[in-house]
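S.K.: Sharing a structure here in structure tokens format.
The values are calculated or read from the model by the stated rules, or taken from the named source; none is laboratory data. Keep in mind it's a predicted model, so treat the numbers as computed, not measured. Because the Cβ atoms are built from the backbone with ideal geometry, glycine has one as well, and the counts that use them run over all protein chains shown. Accessible surface areas use protein heavy atoms only, side chains included; no ligands, DNA or RNA. Shrake-Rupley method; radii C 1.70, N 1.55, O 1.52, S 1.80 Å.
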Amino acid sequence: GPAPRRVVSLNPCLDVILFHVAAPGQVAALTHYARDPQASTLAQAARHIPVTHETAEEVVALRPDLVLMSEHSALATRNALTRLGVRLALFDVPQTIAASLAQVRQVAALLGRARAGEALVAQIETALQAASPPPGARPITALVYQPNGFAAGAGTLTDEMMRRTGFENVAARYGLGRWGNIALEQIIADPPEVLLAGEAVPGAPTWADRVLNHPALRRMSHRMRREAFPQRLLYCGGPVLIETAATLARARRNVLEART
């Protein structure tokens, strides 16, 4: 059939893919997260695009001919849109780079934008290539550590990105499965070489001040470097992987430079 002309995304990760592969004017709305610099890599670009709070009322008012949803999107919204006969496309949350690239192609195909999808996949693959360490380089032990001690373990997209960029994710050292919280004390007792820490939100949480300026961590600075890994890079693949790859590659360079 004809390509959809008004597409709405109800998921922050689908927001980014939709934004990057859509034709001009094809995006009817993104989620409200798209405008939040803490949550989305689109914050600047999305200022001029309508957003919703994922309610069925808002979506219906936009008269979309396609709505992109995650399996985790609000069920009430999904059921209401289905009853109203709105065309939905449901996506899972990719846990690997390969699945993430497949999702880019899937979204692009639905939009009638297969070529834009291929161009974006090529761009992501180029970024991954540029961020990979030299062959035979020893992986650097690392942990991604976010507000409230939240960390990414094995089997996550973040974990695969760390491996691809020359890190060894040591989350399992602290008993972590796929996702979870790690106490600061555990890290101090057995530190990785680098802590990929979420940036403190300006003027916000006490967690960031407590942890990122913790005297025990400061005393360990010769054993464990701290490098920035913003929270907005943690949950999404697709085009976000371009920034994730560059951020991890920069962290790796900084660790190596600090040693010389």
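S.K.: Sequence gap at least 6, Cα distance under 8 Å: using those rules, report the relative contact order of region 59-213 to the nearest whole percent. Provide the component values of the computation, followed by the final result.
M.R.: On the way: 182 pairs, mean separation 28.1, N = 155.
Answer for region 59-213 is 18 percent.
S.K.: Each residue of region 102-111 in order: what ³J(HN,Hα) in whole Hz does its phi give by Karplus 6.51 cos²θ - 1.76 cosθ + 1.60, θ = phi - 60°, with x for Gly and Pro?
M.R.: In residue order, the calculated couplings are 4, 5, 4, 5, 5, 4, 4, 4, 4, 8 Hz.
S.K.: Label Q44 and H222 with points 7 Å out from Cα along Cα→Cβ: what is the distance between them in nm?
M.R.: 4.0
S.K.: By the gyration tensor of its Cα atoms, with a ≥ b ≥ c the square roots of the eigenvalues, what is the shape of the chain: rounded for a/c under 1.5, prolate for a/b over b/c, or oblate? Spell out each step's value before the answer.
M.R.: On the way: a/c = 2.41, a/b = 1.77, b/c = 1.36.
Prolate.
S.K.: Grab the DSSP H runs of the chain that are 4 residues or longer, score each as -39,500 (n - 2.57), total them, divide by all residues and round the 222 nm result to the nearest 500 deg cm²/dmol.
M.R.: -11500 deg cm²/dmol
S.K.: Return the carbon/sulfur percentage of the accessible area of region 1-136, one whole number, probe 1.4 Å, all protein chains in place. Show your work: numbers first, answer last.
M.R.: On the way: 3780 of 6970 Å².
Accessible surface attributable to carbon and sulfur in region 1-136 totals 54 percent.
S.K.: What shape does region 213-260 have by the C-alpha gyration tensor, where a ≥ b ≥ c are the square roots of the eigenvalues, rounded means a/c under 1.5, and otherwise prolate means a/b greater than b/c and oblate the rest?
M.R.: Working: a/c = 5.04, a/b = 1.70, b/c = 2.97.
Because a/c hits 1.5 or more and a/b fails to exceed b/c, region 213-260 counts as oblate.
S.K.: What does the extension gain come out to for T82 and R163, with contour length at 0.36 nm per residue minus their alpha carbon separation?
M.R.: Values: separation 81, 0.36 × 81 = 29.16 nm, distance 4.03 nm.
Here the answer is 25.1 nm.
S.K.: Region 111-172: D in µm²/s via Stokes-Einstein (Kirkwood Rh, Cα pairs, 37 °C, 0.692 mPa s)?
M.R.: Calculated translational D: 243 µm²/s.
S.K.: Rounded to the nearest 20 debye, what is the charge dipole size of the chain about its Cα centre when +1 sits on each Lys and Arg Cβ and -1 on each Asp and Glu Cβ? It would help to have the intermediate numbers written out before the result.
M.R.: Values: 27 positive and 21 negative charges, 73 e Å.
Charge dipole of the chain: 340 debye, to the nearest 20.
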